[in-house]
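Remarks on the structure that follows.
The values are calculated or read from the model by the stated rules, or taken from the named source; none is laboratory data. All values derive from a computational prediction rather than experimental measurement. Note: ideal-geometry Cβ built from the backbone for every residue, glycine included; neighbour counts use all protein chains shown.
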Amino acid sequence: MGLDIYMYRYDDYQRSKELEEKSNKYSEELWSKFDDVNYNDMDQDSKDRIRESVRLYNIELGLGENGEDPTSEKIEITHPDYPEHYFKIGYFRSSYNDGGINHILSNLSLPTLSEIFNKGEDEYDFKPDWELALKNVTDVIADFKQKGNYRVRTVHANIYSLPTISSEEEALKVFMSEIRPDCDYNYSNKNGEFSYHEPLKVLAMIPGIHTTFGERDCTYVITESDNTWYINALEIVKATCEYVLSKENKEQYYLHWSG
């Protein structure tokens, strides 16, 4: 799970949105007739008739069979310097775990992707100020490079069970029971977090309070990592802004915020 950000170019954004809204409304009206029936209990003939009716209506509107606007274009281009990177010119992502780029940026007191593009709280597709976004991401890259290669993670008891470990000896026994030489990934479970496969370089352990789902004692673990992947990701975001600004029709480019 995570945040996905896509870039689209529209011949006429307003017209596209109006047609897509008509398509969605028509589809919802047909399916709403079966609101009192579980989807899995619907007969196949009814499902097929609704889908066919929506398909024909979309064609009538000038949309594709699935409701997509043929005059819009999804932009997703591999960056020549980072061909294997998950980010693309026109596509960005931030997972919801502690490895997501927004999580990393926020912990380092740097602007997140939302702040770079000056996204409004309730905006899910919008036209950014591309020149401002370019300035913002350029500043973030420069500031990021001055930060240390540090990460922070929160270690606390499972919210569904009280801690039972009361000595160093017991803690070591739990660790020994979790050692899995054939395990090729780090993991967590009710006993704790285990990084046997890819050990963390721990620089500090700071006692504190975790406030999610109520206040609980925790330990903030500071580790050393590598910022290269994230800096490269931001350079791809920068390249996306430059791509749009190089176009004569730059006002036709929008971002879709999904997730």
Criterion (surrounded by fewer than 16 Cβ atoms within 10 Å (Cβ to Cβ), hydrophobic (A, V, I, L, M, F, W, C) and either free of Cβ contacts under 8 Å to residues at least 40 places away in the same chain or touching a Phe, Trp or Tyr at 6+ places or on another chain (Cβ under 7 Å) (or both)) met by exactly one of 113, 132: 132
Considering residues of segment 47-75 that are surrounded by 12 or more Cβ atoms within 10 Å (Cβ to Cβ) and among the β-branched types (Val, Ile, Thr) only, the residue farthest from the chain's Cα centre (by Cα): 50
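I want to confirm something. Restricting to segment 203-221 and keeping residues that are among the β-branched types (Val, Ile, Thr) and farther than 17 Å from residue 193 by Cα, which single residue is modelled with the highest pLDDT?
Filtering segment 203-221 for residues that are among the β-branched types (Val, Ile, Thr) and farther than 17 Å from residue 193 by Cα, the one modelled with the highest pLDDT comes out as 209.
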Qualifying residue in segment 47-67 (condition: of a type in the set (D, E, K, R) and either in contact (Cβ under 8 Å) with a residue 24 or more places away in the chain or closer than 30 Å to residue 103 by Cβ (or both)): no
Unmet requirement for residue 7, which otherwise passes all of (1) modelled with pLDDT of 95 or more; (2) aliphatic (A, V, I, L, M); (3) in a helix (DSSP H, G or I): (3)
Tally, over segment 78-118, of residues that are assigned to a loop (DSSP other than H, G, I, E, B), of a type outside the set (Val, Ile, Thr) and more than 28 Å from residue 186 (Cα to Cα): 7
Any hit, segment 213-221, residues being over 23 Å from the mean Cα position of the chain (by Cα), more than 21 Å from residue 175 (Cβ to Cβ), in the same structural domain as residue 155 (by TED's automatic domain parsing) and not in a strand (DSSP E or B): yes
Set 96, 124: member being under 24 Å from residue 240 (Cβ atoms), surrounded by fewer than 14 Cβ atoms within 10 Å (Cβ to Cβ) and in contact with a Leu (Cβ under 8 Å, 6 or more places away or on another chain): 96
